[in-house]
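First comes the structure, then the notes that go with it.
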Amino acid sequence: MKLYPSSMIVLVGSRGTNMNRPNSDFDIILFIECENPLNKMLEIYYRTQTRSR
């Protein structure tokens, strides 16, 4: 949140509605304010892909 102070993370899905099971995953939506949203979305996507390998 330090990099994007006007951002917001929203928990959705079963955990967001308190209907989750113990093995339910976390579904989130990330809202960020930036000059070029598509480039920022791709940057975040590629950053997460390199960490998960």
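A short reminder: the numbers here are calculations on the coordinates, not readings from a lab. Predicted, not measured: the structure shown is a model, and the values here were computed from it. Glycine also receives a Cβ, built like all others from the backbone with ideal geometry; neighbour counts cover every protein chain displayed.
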Practice item. Could you work out how far helix 37-51 tilts from the main Cα principal axis of the chain, as a 0 to 90 degree angle to the nearest 10? Key: 60 degrees
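Please go through the chain and write out the chymotrypsin sites (Phe, Trp or Tyr not before Pro) that DSSP classes as loop and that have at most 12 other C-beta atoms within 10 Å. Intermediate values should be presented prior to the final figure.
On the way: sites: Phe26, Phe31, Tyr45, Tyr46; in loops: Phe26.
Here the chymotrypsin sites (Phe, Trp or Tyr not before Pro) that fit, given the DSSP loop and packing criteria, are Phe26.
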Point to revise | Reported label for calculated Cα extents along the principal axes in Å given (1) 37, 29, 19; (2) 50, 44, 25; (3) 43, 24, 13 | key: (1)
